[in-house]
Amino acid sequence: MIWGVWTDDEKNIYAAVTSDQTVIRIDTMGTMTDVYTSEGTWGPLHGVLDEDNNMWILENSDKNVVRVKLVKNVNGIKDRSNRLDPHSMLSIILFCILLMLF
């Protein structure tokens, strides 16, 4: 279940995958990298990057509490070493367009 989607200056796409408790980065070649994993019962909802390339993650808990976490290293933790198939990429692009419309 994807909640938030955002980009950086290098045209990477970030997605908060709440169901997996991770934030993934999708680079321009389609490589997916886990850049953040929530702890315990928390899950990412959205995020932004500041001018120093630090990521600020909005998280929600199972008790419906929200918090903001600062992630200083967004260079990637685990490379998923796979490419997105065209169908998955199209789904993400359409999701981003829908988010911008609403």
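Observations on the model:
- Some residue of segment 23-31 being closer than 16 Å to residue 62 by Cα and crowded, with 17+ Cβ neighbours inside 10 Å: no
- Checking residue 20 against (1) open to solvent by less than 60 Å² (accessible area, probe 1.4 Å); (2) modelled with pLDDT of 90 or more, the condition it does not meet: (1)
- Of all residues making up segment 2-22, the number that are touching a strand residue (DSSP E or B) at 6+ places or on another chain (Cβ under 7 Å) and more than 14 Å from residue 59 (Cα to Cα): 6
The values are calculated or read from the model by the stated rules, or taken from the named source; none is laboratory data. Worth saying up front: this structure is predicted, and the values here are computed from it rather than measured. Heads up, the Cβs are rebuilt from the backbone with ideal geometry, glycines too, and the neighbour counts pull from every protein chain shown. Remember, those area values only see protein heavy atoms, side chains included, never the ligands or the DNA or RNA. Shrake-Rupley method; radii C 1.70, N 1.55, O 1.52, S 1.80 Å.
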